[in-house]
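Nothing in this text is a laboratory measurement; each read-out follows from the coordinates by a stated rule. Since this is a predicted model, take the numbers as computed values, not measurements. We place every Cβ from the backbone using ideal geometry, glycine too, and count neighbours over all the protein chains shown.
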Amino acid sequence: MAGEKEKKVSKGEVKEERKPKAPAAEEAAKKKAAAPKDEAPQEPQVDVDTLPLVKRVKEVKGEFIEDVKYFRGEITFLVKKEGIVDLCHFLKDDSETQFDFLTEVIGTHYPEREKPFEVVYHLYSTSKKHRVRLKVQLAEDEEVESVFPVWRSATWYEREVYDMLGIRFANHPDLKRILLPDDWEGHPLRKDYPLQGPPGYREAWIKAHCASTNKL
Amino acid sequence: MMEKGLMDKGSVEGQVTEDLMRDTLKTREMWLNMGPQHPSTHGVLRLILALEGERIVDTEIVIGYLHRGMEKLAEAKTYPQFLPYTDRLDYISSHAMNFGYVLAVEKLMGIEVPERAQYIRVMMAELTRISSHLIWLATHALDIGAMTVFLYCFREREMILDLFEMACGARLTTSYFRIGGVAHDLPDGFIEQAREFCKIFPKKAQDYDDLILKNRIWLSRTVNVAKISGEEGLNLGLTGPNIRGSGVYWDIRKDEPYSNYDKLDWEIAVEHGCDVYARYLVRLKEMRESCKIVSQCLDILEKLDGPVMAKVPKVIKPPEGEVYASVEAPKGELGFYIVSDGSPKPYRLKIRAPSFANLISVPTMVRGHMVADVIAVIGSIDVVLGEVDR
């Protein structure tokens, strides 16, 4: 018993010893955290408008471009909703851009924004070896034109975006769910969708499928 | 079978029979369901084939049977916590999946990975490529009817899995990579054992060639089957060995060299046949090239000492921003798009799975072919459903 007490005491001492160290560690962490922040502004010093790709796109299709961003060597165009197909046709066919490959289409949900949905297109050129990102922002219930006429692979990517976020694509040849069952309710990658599925779904499933081991 | 008298138009019975035949024996498309539980669909893939006789006129692909909501899960996990999930994407090439993920996070945070870790990563990724291609060759050949190749390939794959086990204790779901390096250094004896593999593998690859490269049945099942041009392939999202089988010189390891691929000597495997056979040749050549890369890495690793982990903060909190990083996984372009809001968890993580994109072109490839060719086509594009459904 005495030994245990001693141990407890010694543990307590150790804890007390560690406490004063904690603020120092925090400071160190802060310094560390501060360091990359100092490094980060070095990047945006690149003047976006001098990049040949940005120059070319702004020159020809400038009316569709709302904003250009440059982060970690990647160019992002914020595109007006109505210009996306036109711009994609241009990017694919122009001899200076030649984006012949649609890498993917992504949907993102930002519930706090005025236009809560964002559709992101990643393009790649197999001949010029460069990449670009296009973004379209959409309000709730707003549709965006499908880029299917430009790259046929968009059919599946856009179906996935529709499935996961409920963003609708106009003139899509076959817009339906792809990963989830056809009778699924809701769109899981929306931020308001519960992580463990709709309430009661899990319990109902267990009741229906695991009758013998039903202990819930 | 029918008596002549019955078919006589003049008789009442003949008229009735003719009407009956017109109504019931119409020539029409037949819909055939293939999968999801079918040995040659390599997982749970369902195809609905519209047939005219035995020719395919249309195909619908039904996926999602293995959907686990990885992207939703990622939003609830910290960056290091999500790493083991990436193993479960393409579960037969987990190192490559880890690679794509850690590269994306490192790009986001601006971490420099130590040289030794870079070489270990490249070596592991290439060993994974060999093992993944071995499984592909084994199952593809088995689907078409060559049993021996299957046994041979699994024998060599076992050697690679033993190496993985040595390095990280696991054979399939390795989780060996870390944000900033690898989990720990290579154990003693690893380099010797890996060298042994590199020494015997080219001979074994020759054995596979001897078995099927000029085999008449193999040729008649693969040559000129499921042709797709490079341009059409790109339009349909085809990447990796599949697009290289259509004569497109595109390998991310060469075109946008990540890690240390630009310091190593190897060639892109490209074929111009555009058919199932060309994709087979590409993968066989790729295995040999990967073996070359592994032995070069071993030479360097023997002399190169140093840390295998960069200095990474304990809590990984990338700055606000978004990045896309991609690697050449055994199946094609694997990309991770991460949106960070400055918190320890990704705000949005999207996985660009190569198998998912490669499946898009299957209906185009199989149109006009026989039912039996569907099996050769699915084998040739090498899908893993863990990655398709995520």
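Observations on the structure shown:
- For B:Lys311, a cut-off of 19 angstrom between C-alpha atoms picks up these aspartates and glutamates, skipping any fewer than 8 places away in its own chain: A:Glu26, A:Glu27, A:Asp38, A:Glu39, B:Glu106, B:Glu112, B:Glu115, B:Asp185.
- Using distinct alpha-carbon pairs, which all enter the 1/r mean, Kirkwood radius of the protein assembly as shown in Å: 26.7 Å
- Pairs from the list B:Lys227/B:Lys292; A:Lys61/B:Lys331; A:Lys115/B:Lys72; A:Lys92/A:Lys129; A:Lys129/B:Lys345 with a Cα-Cα gap above 25 Å: B:Lys227/B:Lys292; A:Lys61/B:Lys331; A:Lys129/B:Lys345.
- P(r) tail fraction, the stretch A:52-178 - alpha-carbon pairs more than 24 Å apart, %: 23 percent
- Amide H to amide H distances under 5 Å link B:Gly181 with B:Ala310, where only residues 5 or more positions off or on other chains count and H is placed in the peptide plane.
- Counting neighbouring beta carbons within 10 Å and listing from fewest to most, the residues B:Thr173, B:Thr86, A:Thr50, B:Thr239 come out as A:Thr50, B:Thr173, B:Thr86, B:Thr239.
- Residue pairs exceeding 31 angstrom between C-alpha atoms, taken from A:Lys135/B:Lys77; B:Lys77/B:Lys303; B:Lys203/B:Lys254; A:Lys81/A:Lys176; B:Lys199/B:Lys303: B:Lys77/B:Lys303.
- Applying a DSSP loop filter and a limit of 10 other Cβ atoms within 10 Å to the trypsin sites (Lys or Arg not before Pro) in the stretch A:132-205 leaves A:Lys176.
- Here the Karplus curve 6.51 cos²θ - 1.76 cosθ + 1.60, taken at θ = phi - 60°, turns the phi angles of the stretch B:165-175 into couplings of 4, 4, 6, 9, x, 10, 9, 10, 8, 7, 6 Hz, with x standing for Gly and Pro.
- For chain B, averaging the sequence separation of C-alpha pairs within contact (under 8 Å, six or more residues apart) and dividing by the residue count gives a relative contact order of 25 percent.
- Taking amide H atoms as placed 1.01 Å from N in the peptide plane, the amide H of B:Arg352 lies under 5 Å from those of B:Gly335, B:Phe336, B:Tyr337, each 5 or more residues away in sequence or on another chain.
- Normalising by residue count, the stretch B:116-162 has a Cα convex hull of 45 Å³ per residue.
- Average Cα contact separation per residue, the stretch A:52-178, under 8 Å, 6 or more apart, as relative contact order %: 21 percent
- For the stretch B:109-155 and the stretch B:280-348, distance of Cα centres in Å: 15 Å
- Whole-Hz ³J(HN,Hα) from phi, Karplus 6.51 cos²θ - 1.76 cosθ + 1.60, for the stretch B:225-230, glycine and proline x: 9, 6, 6, 8, 6, x
- Whole-Hz couplings from phi, Karplus 6.51/-1.76/1.60, listed for the stretch B:364-374; x for Gly and Pro: 5, 5, 8, 4, x, 9, 7, 4, 4, 6, 4
- Here B:Thr17, B:Thr128 are placed in order of increasing Cβ neighbour count within 10 Å, fewest first, which gives B:Thr17, B:Thr128.
- Residues whose amide H lies under 5 Å from that of A:His172, counting only those 5 or more places away or on a different chain, are A:Ser146; hydrogens are built 1.01 Å from N in the peptide plane.
- Helix-derived mean residue ellipticity, 222 nm - over chain B, DSSP H n ≥ 4, -39500 (n - 2.57), to 500: -15000 deg cm²/dmol
- Pairwise inverse Cα distances across the stretch B:68-388, averaged and inverted, put the Kirkwood hydrodynamic radius at 20.0 Å.
- Neighbour counting of Cβ atoms within 10 Å sorts the residues B:Ile243, B:Ile61, fewest neighbours leading, into B:Ile61, B:Ile243.
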